[in-house]
Amino acid sequence: MKKIHLKIFAGAVLTAFLFVSCSDILEEKPRTIYEPGFFQTEKGVMGGLTSLYAHLRWIYGQAYYYNTCLTGTDEATYAQSADANFKDMDLSGVGSITSTSSRADVLWGAAFPNINTASGIIENAIAVGTISDALIAEARFFRAFDYFLLVQTFGGVPLDLGAGVLKFNTTPSRVSVRNTVPEVYTIGIFPDLIKAIEDLPEYPRLTGSLTKTVARFYLAKAYLTYAWWLENPNDIPTYPLCDRVDPDGHDAQWYFQQAYDIATTAIDNPGPYGLQETYYDVNLAQNDRNNEMLLYADHTEKSEYYNDGSLTYGSGSAPDNFAGWMMTWNYTVITSAEDPEWKNLINPVQREACQALGRPWIRMCPTIGVIENTFADKTHDSRYDGTFTTVYRGNWPKNPNTAHIKFVYNANNMKVYPGEPALTFLNEEPDMEIDYPDPDDESDVDRSKVGAGELPERADYVIHPRGISRIVYPGLWKLGPYRTDNAGGLGQPNAGSTRPFNIAKFSELYFIAAEAAVKGATTKPGKSARELINVIRSRAGMWRWDNNGNYEKIEDHSDEMMAATPSVITIDYILAERSREYYGEGYRWYDLIRTQKWEELASTYEICGSKYRDHTPKMYTRDIQKYHYLRPIPQGQLDGMEMTPEEKKAYQNPGYR
């Protein structure tokens, strides 16, 4: 039977991919076309509920949406193979964000069908009579979740999808009216999350399903974000135009306090959640779905049916999880030789479905500032080592065609054996000058083929921190793939990642509370901003494994980490800590627009060029305007509405008309 996906669009009910639950997982079952009345059955409600979880795959792990969350911030710029999808977001003169180029359309297209599904569940579950308040609360959560994403991204969005405010719509509607930001928060987000906290269980009904703690997390974050919006310290415009006045009569300070109180309540009442003992364990693939994960878009290697995507070749589109490809450079170009005369060349690092490697797309890369400044402390702080792949090790025996080769000749014509480093991105600037191939002299042989250099008595090629470029840079280890079915070989590196894409972590509750405290919230004993941040920094100082060194490292630098924390915590310091903790996970653009620090922190960056031998940093300037703090309404939405040109123009965010 052909597999069909459940998408309840605003204005229409389409074919369905319905789900029913079993004892401990969400199980998918294909169905044919259903009328809206199917939601008036218990089976229909349960199927709709499971589709709410499935819709996360269409947003998280979708690389073009992932790009909109990072490219153009102080975390990432476009890489050598980037097309307009990535260059436009960089705002550095190589493209521009428009209603047709912004890939925030991914969010718009996925969120509204899900909102309508959630509304259908909420309305019909009560009529069914056998659906518990806890299950209805899951639908309330997801409706609020999607509206929260939308309002941060686009400003005010419609609460009426054609049948009335927050009503389930079954009739195609070609008109739309955008509500204001305060209306979206106070009508479409806060009430649903408050009710979800009341009705959700403390422990999940199934692995990965919702709880009170997850709802508290999002209510605290929504309060925090709305408080910043009300305060508007840098006079960022909003749309639709409205006064920054809360309909319920509260000021920004009230919401900062609420954010703090709810976040600390969640910390004190964690249910099944908590912090992993080391940062390395948070993102270690073998430890996926650990107790720090509050919410994730799930995948599996056990079945293409349940994975909702091929297990052998990635489509480069949702619902595949292919975000991890974007910041992966083409390490397979690294070259060694089978003989000391370099007559028989070999690529010692083969494409492999393992966390340190994966499929290279070269669309995004870190800036030099990330390596030098964000992760300045690479000795005590384990987070740089637990974020990037900086050492590329020989794995050629996993390829049957080269399995017979015992060792290869590499830098300085020294031997490299399987599992040993072939290329290393140095943590610090070396004491001596690296011997790089001359970029202006083609006769100067580049044995590495990637423009890497040599240091005396080292068999691995090396690149210094200020020598990273748009084409050669440390890979993003934390999002790398993982398979248990490689059978000792290279596995299926071209498939989408079968790992879950993490969306929310328990650790962020400490950041939410700390940020609210910096903004003036009255704190509890033991939970000042500095004390909250030091919980995270203390954990960052705990090592059990050197990821790039590939050896056991039992070291405790928590005291040094906490001692280095400033006595006075600022928003800038919290943002720096957030980047160290969540680098490359898709948080950054939202962090910078919430705090209105985007232009201040990301208007310039350094990176070397797009050619292999280029190790000369260049400064780039971004033209970040205030209107960029909102993404444009997708052109497809405007084209689909039966409204006058003037009405469509008024519907669009200013700056993109």
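Quick look at the values:
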| read-out | value |
| --- | --- |
| Selection from segment 602-620 of residues that are surrounded by fewer than 21 Cβ atoms within 10 Å (Cβ to Cβ) and either modelled with pLDDT under 95 or of a type outside the set (D, E, K, R) (or both) | Ser603, Thr604, Gly609, Ser610, Tyr612, Thr616, Pro617, Met619, Tyr620 |
| Members of segment 144-188 that are part of a loop (DSSP other than H, G, I, E, B), without any contact (Cβ under 8 Å) to a residue 60 or more places away in the chain and either in contact with a Pro (Cβ under 8 Å, 6 or more places away or on another chain) or within 22 Å of Gln596 (Cβ to Cβ) (or both) | Val157, Val177 |
| Strands (runs of 3 or more DSSP E) contained entirely in segment 351-470, each with at least 3 residues that are of a type outside the set (S, T, N, Q) and in contact (Cβ under 8 Å) with a residue 60 or more places away in the chain | 391-393 |
| Any hit, segment 303-319, residues being surrounded by 18 or more Cβ atoms within 10 Å (Cβ to Cβ), in contact with a strand residue (DSSP E or B) (Cβ under 6 Å, 6 or more places away or on another chain) and in a loop (DSSP other than H, G, I, E, B) | no |
| In segment 167-179, the residues that are under 10 Å from Val157 (Cβ atoms) and of a type in the set (S, T, N, Q) | Ser176, Asn179 |
| Residue that is surrounded by the fewest Cβ atoms within 10 Å (Cβ to Cβ) [pool: residues in segment 527-536 that are under 15 Å from Val568 (Cα atoms) and out of contact with any Pro (no Cβ under 8 Å at 6 or more places or on another chain)] | Ser528 |
| Unique match (being over 14 Å from the mean Cα position of the chain (by Cα), buried (at least 23 other Cβ atoms within 10 Å of the Cβ), of a type in the set (S, T, N, Q) and farther than 23 Å from Gly314 by Cα) among Thr73, Thr77, Thr100 | Thr77 |
| Looking only at segment 283-294, and only at residues there that are touching a residue at least 40 places away in the same chain (Cβ under 8 Å) and assigned to a helix (DSSP H, G or I), the one that is nearest to Leu200 (Cα to Cα) | Asn283 |
| Which listed residue, of Phe388, Phe407, is touching a Phe, Trp or Tyr at 6+ places or on another chain (Cβ under 8 Å) and surrounded by fewer than 24 Cβ atoms within 10 Å (Cβ to Cβ) | Phe407 |
| Selection count where residues are of a type in the set (Val, Ile, Thr), crowded, with 17+ Cβ neighbours inside 10 Å and in a loop (DSSP other than H, G, I, E, B), scope segment 236-277 | 2 |
| Cβ-Cβ under 7 Å pairs, at least 6 apart or on other chains, segment 592-609 side without any contact (Cβ under 8 Å) to a residue 40 or more places away in the chain, far side surrounded by fewer than 21 Cβ atoms within 10 Å (Cβ to Cβ) and among the hydroxyl-bearing types (Ser, Thr, Tyr) | Ser603/Thr621; Thr604/Tyr620; Thr604/Thr621 |
| Conditions (1) under 21 Å from the mean Cα position of the chain (by Cα); (2) buried (at least 21 other Cβ atoms within 10 Å of the Cβ); number of the one not met by Gln596 | (2) |
| Hits in segment 593-634 (condition: hydrophobic (A, V, I, L, M, F, W, C), in contact with a helix residue (DSSP H, G or I) (Cβ under 9 Å, 6 or more places away or on another chain) and under 30 Å from Lys449 (Cβ atoms)) | Ile607, Cys608 |
| Subset tally (residues that are among the aliphatic types (A, V, I, L, M), closer than 18 Å to Arg588 by Cα and surrounded by fewer than 16 Cβ atoms within 10 Å (Cβ to Cβ)) for segment 367-385 | 0 |
| Some residue of segment 193-201 being at pLDDT 95 or above and in a loop (DSSP other than H, G, I, E, B) | yes |
| Test: residue in segment 205-212 that is under 23 Å from Ile533 (Cβ atoms), part of a helix (DSSP H, G or I) and among the basic types (Lys, Arg) | no |
| Residue in segment 516-534 that is among the aliphatic types (A, V, I, L, M) and without any contact (Cβ under 8 Å) to a residue 40 or more places away in the chain present | yes |
| From the options Gly120, Gly164, Gly155, residue that is on the phi > 0 side of the Ramachandran plot and more than 25 Å from the chain's Cα centre (by Cα) | Gly164 |
| Every pair of residues 6+ apart whose Cβ atoms lie under 6 Å, when the first sits in segment 330-345 and is over 17 Å from Leu423 (Cα atoms) while the second is in a strand (DSSP E or B) | Pro340/Tyr409 |
| Lone unmet requirement of (1) without any contact (Cβ under 8 Å) to a residue 12 or more places away in the chain; (2) in a helix (DSSP H, G or I) for Tyr280 | (1) |
| Test: residue in segment 53-68 that is of a type in the set (D, E, K, R) and more than 14 Å from the chain's Cα centre (by Cα) | no |
| Members of segment 605-627 found to be in a strand (DSSP E or B) and closer than 15 Å to Cys365 by Cβ, listed by number | Tyr605, Glu606, Ile607, Cys608, Lys618, Tyr620 |
| Single residue of Val94, Val106 found to be in a loop (DSSP other than H, G, I, E, B), among the aliphatic types (A, V, I, L, M) and in contact with a Phe, Trp or Tyr (Cβ under 9 Å, 6 or more places away or on another chain) | Val94 |
| Single unsatisfied condition, Asn395 versus (1) under 31 Å from the mean Cα position of the chain (by Cα); (2) surrounded by fewer than 16 Cβ atoms within 10 Å (Cβ to Cβ); (3) farther than 17 Å from Pro474 by Cα | (2) |
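Table: residues versus (1) in contact (Cβ under 8 Å) with a residue 60 or more places away in the chain; (2) of a type in the set (Ser, Thr, Tyr); (3) more than 30 Å from Ala650 (Cα to Cα); (4) touching an Asp or Glu at 6+ places or on another chain (Cβ under 8 Å).
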position	(1), (2), (3), (4)
Thr117	yes, yes, no, no
Ile121	yes, no, yes, no
Ile131	yes, no, yes, yes
Phe142	yes, no, no, no
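The values are calculated or read from the model by the stated rules, or taken from the named source; none is laboratory data. Bear in mind that the values here come from a model prediction, so they are computed numbers and not experimental data. Cβ coordinates were reconstructed from backbone atoms using ideal geometry, including for glycine residues, and neighbour counts include every protein chain displayed.
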